[in-house]
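> Before anything else, here's the structure in question.
The values are calculated or read from the model by the stated rules, or taken from the named source; none is laboratory data. Everything quoted here is computed from the prediction, not taken from an experiment. Cβ placement follows ideal geometry from the backbone for every residue including glycine, while neighbour counts extend to all protein chains displayed. These area figures cover heavy atoms from the full protein model, side chains too; ligands, DNA and RNA do not enter into them. Shrake-Rupley method; radii C 1.70, N 1.55, O 1.52, S 1.80 Å.
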Amino acid sequence: MKLIIAIVHDEDAGDLIDTITEAGHMVTKLATTGGFLKAGNTTLLTGVKKEEVDNVISIIKDTCKRRKQVVSTPSPVTGSTGIYVPYSVEVEVGGATVFVVDVDKFMKV
Ligand code: 2BA
């Protein structure tokens, strides 16, 4: 058994949940926040058999496309003022950050 943890853009989450579910897998959605942008994203948990991992990853790849976005983010000014000023930075959003974790035990009690 494996646990696939996928952090995805909110805009991609709905389609991804539908496609994973239609493929016969179970999925749990968590509302999460990225540490860098301090913006909402979505984390999906999917428990699958080892041989199903590649299928789920290819669904994630097909559904979550990467795109560039300019965002405003707070950054500390150097020195002793402690003042925070916003600055713009171009980041890639979309796509997915995926962790595949071994599951020792899976049970419903
Ligand atoms: P955030 O931490 O809000 O990061 C959003 C995007 O900002 C990242 O996209 C990356 O393109 C950029 N970014 C993040 N940290 C940066 C930095 N120190 N300098 C410059 N640019 C930076 P992704 O890499 O696709 O990550 C999307 C979201 O996935 C992240 O949102 C975070 O919530 C999660 N994530 C990514 N890698 C992770 C990891 N190793 N562990 C835990 N969560 C992770």
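> Out of all the residues in segment 12-43, which are in a helix (DSSP H, G or I) and surrounded by 15 or more Cβ atoms within 10 Å (Cβ to Cβ)?
Selection gives Asp12, Ala13, Leu16, Ile17, Thr19, Ile20.
Residues checked against (1) in contact with a strand residue (DSSP E or B) (Cβ under 6 Å, 6 or more places away or on another chain); (2) within 19 Å of Leu3 (Cβ to Cβ):
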{"residue": "Thr32", "(1), (2)": "yes, yes"}
{"residue": "Glu90", "(1), (2)": "yes, no"}
{"residue": "Ala96", "(1), (2)": "yes, yes"}
{"residue": "Val100", "(1), (2)": "yes, yes"}
{"residue": "Met107", "(1), (2)": "no, yes"}
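> Those residues that are hydrophobic (A, V, I, L, M, F, W, C) and under 10 Å from the mean Cα position of the chain (by Cα), I need them from segment 32-44; list them, please.
Leu44
> Sticking with this structure for a sec: Quickly run through segment 44-58 and pick out the residues that are assigned to a helix (DSSP H, G or I) and closer than 11 Å to His25 by Cα.
Of segment 44-58, the ones assigned to a helix (DSSP H, G or I) are 50-58.
Listed by number, the residues that qualify are Glu52, Val53, Asn55, Val56.
> Given the criteria open to solvent by less than 80 Å² (accessible area, probe 1.4 Å), modelled with pLDDT of 85 or more, part of a strand (DSSP E or B) and out of contact with any helix residue (DSSP H, G or I) (no Cβ under 9 Å at 6 or more places or on another chain), does Val101 qualify?
Criteria met by Val101.
> Search segment 1-11 for residues being within 16 Å of the ligand (Cβ to nearest atom) and at pLDDT 95 or above, and hand back the single one that is nearest to Thr63 (Cα to Cα).
Here the answer is Val8.
> A further question on this structure: Residues Glu90, Glu51, Glu22: which one is more than 16 Å from the chain's Cα centre (by Cα) and within 11 Å of the ligand (Cβ to nearest atom)?
After applying the criteria, what remains is Glu90.
> Can you name the number of the only condition in (1) surrounded by 15 or more Cβ atoms within 10 Å (Cβ to Cβ); (2) modelled with pLDDT of 85 or more that Val71 fails?
Just one mismatch for Val71, condition (2).
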